[in-house]
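Report on one structure; see the data block that follows.
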Amino acid sequence: MIHLSRWKVILLVLSLAFGVLFAYPNLLSPAQRAALPGWLPKNTLNLGLDLQGGSYLLLEVDVAEMRAKRIVNTTEDARLTLREARIATTGFVPDDRGVVVSVADPAQMDAALTALRVLAQPDSSGVAERQVTRLSGNRIRLAFTDQAINGMGATAVDQSIEVVRRRIDSLGTREPSITRQGATRIVVQAPGESDPAQLERVIGQTAQLTFQMVDETASVESAVAGIVPPDAELLYDAEGLPYVVKRRVLVSGENLTSARVGSDETGRTAIDFRFDGIGSRRFGETTAANIGKQFAIILDGRVISAPTIQSAITGGSGQITGNYSIQSASEFVNLLNGGALPAPLNVIERRTVTAELGADAVAAGGISTAIGFFIIVAFMLLAYGFLFGGISVIGLLLNGLLIIAAMSLTQATLTLPGIAGLILTFAVAVDANVLIYERMRDEARAGRSVIASLDAGFNKAMGTIVDANLTTLVAALIMFAFGAGPVRGFAWTLTIGVFTSMLSAVLVAQVGLAWWLKVAKPKKLPIAE
Amino acid sequence: MAMRGWPLIKLLPVKTNLRFVDFAKYFAGLSVVLVIASLVGVFYPGLNMGIDFRGGASMEVAKPAGQVLDLEATRSAVGELGLGDVQVQGIARLGSQVDDGSTAVLRFQIPEGRDQTAVVQQVETAISQAVGEVTYSGVAVVGSKVSGELFMSGLLALGSAIVLMFAYIWFRFEPQFGFGAVVGLLHDVILVFGLIVLMRLEFSLNMVAAILTVIGYSMNDTVVVFDRLRENLRKYKTMPLREVIDLSINETLTRTIITGITAVMVLAALAIFGGEALFGFSIALMFGIIIGTYSSIYVGAPIILLWGVKRGAAVEDAKPIKLGMASRP
């Protein structure tokens, strides 16, 4: 019914108030926004990385690599345990989740089982990660349980997110977003990050720091030629010099409590670090027992330095010297303080947009929106005159206001394709008015009165408008479900646009025309000529 | 009323009586040819896949304003790194609409097993050695695993959009309408692909969004025509189907033209002023809207004619529907 119904006017006023309330913080400067009273909304449009510049990294946690590493550690644990128990072995064969040990003397089988079972003891929460099984012959298998193997991935991703967060925080990047995606992936979004390469370097390093003894009995030459003792490994330093290092880890980064940039006695940049209780004790014992021997400080499989032990280091603190610039030293310190990643992180997708390019995109989007809007306004005024055309222009303005308000409120990300979605929304929003007006024309031409034409116009067009908008909504929902990144932003803008344009186009026209009917009491429909 | 003199109202015919269905055969022929040509084009020469779907890296390289970036030197410097096919393409500078020769976009693959970051650094070094100091404004690297997944999800999105539209129309109208609408949709999507191939536009995630929007718009247009068709079928129970179709298209024609022109003009503004990033996107949308309008007149409705439509048992018994081309299935 086309009369000035009270609830429609109230709804219109409410939506206008909503639009103004949530859209207007966009007009204020950050300082003005901060000064607003607490109950007022402060959210502004959340611009995507393509509009404000920044870095997007998609990281994948290399769970397979981590499992492989833990299986190697299990092998080393078994080797060391059996040696300390003085049980001779003939082979350690790693498999997909543990190691199979062959005991040389069948008489020692029970002793070997007892020794290995210590490694499979439950932890404080009562869950055993590894189990010992006796196989045929004189073989024993020490392997991770199914649960432990399956749980490794989830735990690794959780831990990685924590570590990445700490590392990015230490860079001082503003408002980074770190989210989990799927089972093994992490998305890092850092708006305005000026040096994406640094971001990637800092995130990507595993930062597993270990202290291992140099195997001085082995010959470096034969190791390079391929003959490495079973309990040792061949590693290189930054200059490419080879070292044969015992596999056994004396102290690892987990026992580190703090690291900071310092300087050595000659004034060069160095890294000071401090161990926790366990670390200090182990480090003290080892250095006391190995005076005059060399140990290696290893970060992510590369030897950082290999100092000779001068005296027992019992204080729990030490220093790493090397060729550090202040920047590389502080990055290293941040890595150590942030903790080690449980598994390597591979960057599988990276997008960077500079702030200038983003600003340019905003400008281009703004100009096109303004021009697009102007075209629609001119067209509607030309096609339907000041009254009917003007009403749809008012509807469009309300639509724009509501979209900005809804996007600010929901903090949906506005992307460059999102701006395109916005402009298209305007074009399609006009469609609702066109459908209504064309219907009214038809009815007026068929000889109906003004009131009857207006009434029929709304009633008959409504079904079509709903159908037409629902199909757009379906397309938008699909984009949201399957899309990634900018497509989702586009989909969200489109979704908001469908709702706001149905509301604004129909409601503004109903209230506007009802008012006109009441005030002007027209005899003829002006668009029916 | 002082509403005279509005030129557009006069320009648009008040009441048309065009015999659309009479031309349906010829346009159907044209559509079939274009669809086949587009399908062939998608496979040969094929889509110009962006790095979203192909994997690899894309970088925007720029010399300071006013200086010329030697594209050939850049190409050969990067070519020597053994990265396979390296594309170097001049584009318009930041904030301008014309290509002044200072800016280019570089695309290359990251060979299997090589570190992304390291390769990008090598490329940066090689470029600065060859052409001097440059800046990099936008860099994107997509691993091959991710690009495969993005491609699959893109296809899935397009496929499910079409299926859902079919279901929606089937539910809201009748099976024949759903069939007509989906043939129209497929027609539009395939022709947009054809345009992408023809214009060598980059097929990227944004392009998938553009196609999905075309689907939404085309559906929108079809629904408006079908809605009127359904209404008229009830209203004129004895009018031959082809006349009802013609009548319905004519009745909605003014609306179709106004909405279509508005959307196309707005998108043209976007294509001209939206810069490099939105050009392909808006061109595809614009074309899709034109095609979508055409198809709702010449693909969807004639298919209903071909298929026939149930108009209530009583009417059917009393007076068999006269069909020019075919009867009900």
0 to 90° range, to nearest 10: angle between helix A:416-445 axis and chain A longest Cα axis: 20
Percent of Cα pairs exceeding the 25 Å cut-off, where the set is the range A:1-145: 60
Estimated vicinal HN-Hα couplings, Hz - the range B:52-61 in sequence order (Karplus 6.51, -1.76, 1.60; Gly, Pro = x): 3, 9, 9, x, x, 10, 9, 9, 9, 10
Enclosed volume per residue, in Å³, of the convex hull spanned by Cα atoms of chain A: 221
Relative contact order of the range A:221-297, defined on C-alpha pairs under 8 angstrom at six or more residues apart (%): 20
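May I ask you to rank A:Arg134, A:Arg97, A:Arg282 by accessible area, largest first, using a 1.4 Å probe over the protein chains only?
My answer, sorted largest first, is A:Arg134, A:Arg282, A:Arg97.
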Under-5 Å amide H pairs with A:Thr89, H placed in peptide plane, nonlocal only: A:Ala104
Whole-angstrom Cα spans of the range A:205-351 along principal axes, big to small: 43, 42, 30
Calculated from backbone phi, Karplus (6.51, -1.76, 1.60) coupling profile of the range A:207-223 in Hz, x at Gly/Pro: 6, 8, 9, 9, 10, 10, 6, 7, 7, 7, 7, 8, 8, 5, 4, 5, 5
Inter-chain shielding of B:276-282 (mean C-beta neighbours from other protein chains, 10 Å cut-off): 5
Per-residue ³J(HN,Hα) for the range A:95-109, Karplus 6.51 cos²θ - 1.76 cosθ + 1.60, θ = phi - 60°, Hz, x for Gly and Pro: 10, 5, 9, x, 9, 10, 9, 9, 8, 5, 9, x, 5, 8, 4
Kirkwood hydrodynamic radius over Cα pairs of the range A:389-529, then Stokes diffusion coefficient at 4 °C and 1.567 mPa s, in µm²/s: 81
Solvent-accessible surface ranking, highest first, for A:Arg67, A:Arg488, B:Arg234, A:Arg33 at 1.4 angstrom: B:Arg234, A:Arg488, A:Arg67, A:Arg33
Inter-part distance where the range B:57-125 and the range A:483-516 are each reduced to a Cα centre, Å: 41
Electrostatic dipole magnitude of chain B [Cβ: Lys, Arg +1; Asp, Glu -1; Cα centre; debye, to 20]: 2040
Computed over the range A:404-529: relative contact order in percent, which uses C-alpha pairs under 8 Å that are six or more apart: 40
Cβ crowding within 10 Å averaged over residues, with A:404-413, A:293-302 ranked highest first: A:404-413, A:293-302
More than 31 angstrom apart: percent of Cα pairs within chain B: 46
Range of Cα positions in the range A:63-149 per principal axis (Å), largest first: 37, 26, 23
Helix B:241-273 axis, angle to chain B major axis (alpha carbon atoms, nearest 10°): 20
Listed residue pairs exceeding 26 Å between alpha carbons, taken from A:Lys460/A:Lys521; A:Lys523/B:Lys237; A:Lys460/A:Lys524: A:Lys523/B:Lys237
Value of relative contact order over the range A:63-149, rounded to a whole percent, pairs C-alpha under 8 Å and six or more apart: 26
Long-range HN-HN contacts of A:Gln181 with modeled amide H, under 5 Å: A:Ile186, A:Val187
More than 19 angstrom apart: percent of Cα pairs within the range B:56-142: 31
Probe 1.4 Å, all protein chains present, accessible-area order of A:Arg351, A:Arg260, A:Arg441, largest first: A:Arg260, A:Arg351, A:Arg441
Accessible surface, per residue, of the protein assembly as shown when the full set of protein chains is kept, probe 1.4 Å, Å²: 44
Between helix B:205-235 and chain B: long-axis angle, C-alpha atoms, 0 to 90°, nearest 10: 10
Neighbouring partner chain Cβ atoms per residue of A:426-437, average, 10 Å criterion: 5
Share of carbon and sulfur in the accessible heavy-atom surface of the range A:205-351 [1.4 Å probe, %]: 49
For A:Ile304, residues with placed amide H under 5 Å, excluding near neighbours: A:Ile297, A:Ile298, A:Leu299
Charge dipole (chain B, unit charges on Cβ, about Cα centre) - positive-most of B:Ser296, B:Val146, B:Ala210: B:Ser296
Cβ neighbours within 10 Å from other chains - mean over A:340-350: 4
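The values are calculated or read from the model by the stated rules, or taken from the named source; none is laboratory data. Keep in mind that what you see is a predicted model, and the values were worked out from it rather than measured. So basically every Cβ, Gly included, is an ideal-geometry build from the backbone, and we count neighbours across all protein chains shown. These accessible areas exclude ligands, DNA and RNA; they are computed on the full protein's heavy atoms, side chains included. Shrake-Rupley method; radii C 1.70, N 1.55, O 1.52, S 1.80 Å.
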